[in-house]
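Worksheet: the structure to be examined is printed underneath.
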Amino acid sequence: MIEIQAAERLAALGHPARLQVMRLLMAAGVDGVAAGELARAAGLAASAATFHLDRLRLAGLARRRRLGREIRYSARFEEMRELVDFLTDTCCTHAEGEGRCQPICAAGTAGPGARSDSQAEQETP
């Protein structure tokens, strides 16, 4: 992934409504969710949901498909993984701290909000 593509995807996620919609899409899995259902779940008007979904789609993070009269949206999981990988591919590469955060950067080894001991020590109130 090149930086401009990562920046575009991060910009798409940089709005609270789009971030919420993306999280709903991720939770829905590969089958996705109907546009109207997604709008209700996000507390958005249909037109606002369409706007935000199109922004995510244009950034390559979501896809839409028509099933009869219904339009379903789903997350593009591989593209999200690429974005996360792009953000973490240089994790702990500086010489003095090499290896300290590897469990955090490794996919699936740390839960949400997990911190290493060194991170906890470095934080100030």
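The values are calculated or read from the model by the stated rules, or taken from the named source; none is laboratory data. Treat the numbers as computed from the prediction; the structure is a model and nothing was measured. Don't worry about glycine lacking a Cβ; one is built from the backbone with ideal geometry, like all the others, and counts go over all protein chains shown. For the accessible areas, the whole protein counts, side chains as well, though only heavy atoms, and no ligand, DNA or RNA atoms are used. Shrake-Rupley method; radii C 1.70, N 1.55, O 1.52, S 1.80 Å.
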- [ ] Work out how much length A11 to V84 would gain on full extension: take 0.36 nm times their residue separation and subtract the Cα-Cα distance, in nm to one decimal.
- [x] 24.9 nm
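Give me the net charge for the shell around I4: Cβ to Cβ below 15 angstrom, other residues only, Lys and Arg +1, Asp and Glu -1. Provide the component values of the computation, followed by the final result.
Working: positive: R9; negative: E3, E8, E79, E82.
Its environment carries a net charge of -3.
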Open item on the list: If you average the alpha carbon positions of segment 40-65 and of segment 7-27, how far apart do those two centres end up, in angstrom?
Closed with: 9 Å
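Rounded to two decimals, what ratio of Rg to Rh does segment 1-84 give with C-alpha atoms and a Kirkwood Rh?
With Rg and the Kirkwood Rh in hand, the quotient comes to 0.95.
Under a Cβ-Cβ cut-off of 12 Å, what is the net charge of the residues other than T88 that fall near it, where Lys and Arg count +1 and Asp and Glu count -1?
Details: positive: R81; negative: E82, D85, D89.
Taking every Cβ under 12 Å from that of T88, the sum is -2.
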Open item on the list: Keeping every protein chain present and rolling a 1.4 Å probe, give me the accessible area per residue for segment 14-57 in Å².
Closed with: 53 Å²
